[in-house]
Each structure stands twice: as C-alpha cells, then as structure tokens.
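The structure appears below as structure tokens.
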C-alpha cells in the first residue's frame with residue numbers, strides 16, 4: 001500500500017503528513033536496499049545529500065558505467081568504470097540489479113557490492129530513474145521503494161526554469177517525461193511530496209528511522 005506524505009515544506013567488495021498502511025514496513029532495517037526515485041528537478045538529489053550528511057551510516061550505491069572518467073572521478077568511489085564488453089558480460093551473467101543506456105553510454109547497478117554491504121548490516125540507497133526502479137522491483141523485490149513528488153507539475157516547471165540550464169525544447173522534454181513518471185508514483189511503496197525542503201527531509205527521516 002502506498003504511504004503518502006504531503007510536506008509543506010565496490011565491483012570490488014569493499015504541512016501535514018498522512019500515513020496509511022503497515023507502519024512496521026516503513027522502518028529501515030539494517031541490511032536493506034532503499035530505492036530513491038523522482039522526476040528531474042524535484043529536488044531528490046538535494047534531499048539525498050542532506051540525508052547522507054546527517055546519517056553517514058547510510059551507504060550510497062555506486063553505479064557501473066562505460067563512459068570515461070571525468071577529472072577527479074575515482075574508480076569505485078564515483079563509478080565503476082568498465083568497458084562495453086565488460087558491461088555486456090555483467091548484463092548477460094545477471095550481475096546487475098538494473099541497467100540502462102543514456103547518451104550513448106551504459107549505466108547499471110552491480111549486484112555484488114550492494115549484496116556485500118547489505119550482508120555487512122548496512123542500509124544502501126540506490127538513486128535511479130523510473131525504469132531502473134521497475135527493474136529493481138523484479139531483481140530485488142524486498143527493496144523499499146521511495147518516490148519524491150513535486151507539489152504540482154507547474155511548480156516543477158518553475159523550478160526547472162529557475163535553474164536556467166535548459167533550452168525550451170529540453171524543458172518541454174523534461175516536463176513530458178516528468179508527467180509520465182508522476183503518473184507511475186503509485187507503483188512505489190512510499191511517496192513524499194517535496195514542497196518545503198526541511199519538512200520533506202523530516203518526513204523522509206521519519207519514514208526511514210522512526211516508522
């Protein structure tokens with residue numbers, strides 16, 4: 001059952017809220033995978049950075065990619081940098097929880113490092129897009145799936161425009177994709193509406209640590 005919060009607000013092993021459903025299922029237990037999803041511009045990255053800063057016991061999953069490292073990026077810390085052949089083998093052998101192609105490169109979540117962290121008692125957060133979350137629902141069905149919603153599509157458009165980073169055609173493409181993603185929000189275990197940032201963060205912490 002969906003829980004809705006409306007906030008006014010390594011490849012090496014290395015406002016007011018309304019709560020429904022079984023609250024016990026909302027607790028983060030040691031050794032749990034947490035899927036974190038939402039449309040571009042909703043503020044999920046900012047929420048996630050604040051959450052990880054306040055709760056360093058949480059682990060952020062590291063993705064594998066076929067793109068080249070950018071200056072300052074470290075293998076095993078920012079990404080696992082692999083060749084296209086290596087990535088293909090990982091797909092064929094079922095070593096990825098999810099994967100997708102973007103801008104000519106492949107990205108995916110290696111299963112083994114996530115399993116190792118979970119077996120060591122860590123809660124692992126996986127920040128991915130809708131299609132990846134759907135794959136994880138099949139490959140790791142026990143994962144807790146969270147979806148971050150904007151207060152409205154109009155508000156999301158304003159946030160994207162305020163960033164001043166996108167041309168008009170890119171903005172329209174983002175909004176069309178966001179509409180599709182928002183329509184799929186009910187698929188997720190928990191929804192949090194990011195209206196006021198601090199309140200949304202508080203609601204997120206309540207879901208993960210208080211139940």
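Within region 175-186, how many residues turn out to be in contact with a helix residue (DSSP H, G or I) (Cβ under 8 Å, 6 or more places away or on another chain) and either in a loop (DSSP other than H, G, I, E, B) or more than 18 Å from residue 133 (Cα to Cα) (or both)?
Result for region 175-186: 2.
Taking residue 36 as the residue in question, decide whether it is modelled with pLDDT of 95 or more, crowded, with 20+ Cβ neighbours inside 10 Å and over 19 Å from the mean Cα position of the chain (by Cα).
For residue 36, the condition - modelled with pLDDT of 95 or more, crowded, with 20+ Cβ neighbours inside 10 Å and over 19 Å from the mean Cα position of the chain (by Cα) - is not met.
Can you tell me how many residues in region 109-138 are assigned to a helix (DSSP H, G or I), surrounded by fewer than 17 Cβ atoms within 10 Å (Cβ to Cβ) and over 15 Å from the mean Cα position of the chain (by Cα)?
5
Could you tell me whether any residue of region 187-200 is within 18 Å of the chain's Cα centre (by Cα), surrounded by fewer than 18 Cβ atoms within 10 Å (Cβ to Cβ) and in a helix (DSSP H, G or I)?
yes
Tell me yes or no: at least one residue of region 78-87 is closer than 20 Å to residue 45 by Cα and surrounded by fewer than 19 Cβ atoms within 10 Å (Cβ to Cβ).
yes
The values are calculated or read from the model by the stated rules, or taken from the named source; none is laboratory data. Model, not experiment: these values are computed from the prediction. Methodologically, a virtual Cβ is constructed for each residue, glycine included, from the backbone with ideal geometry; neighbour enumeration extends over all protein chains shown.
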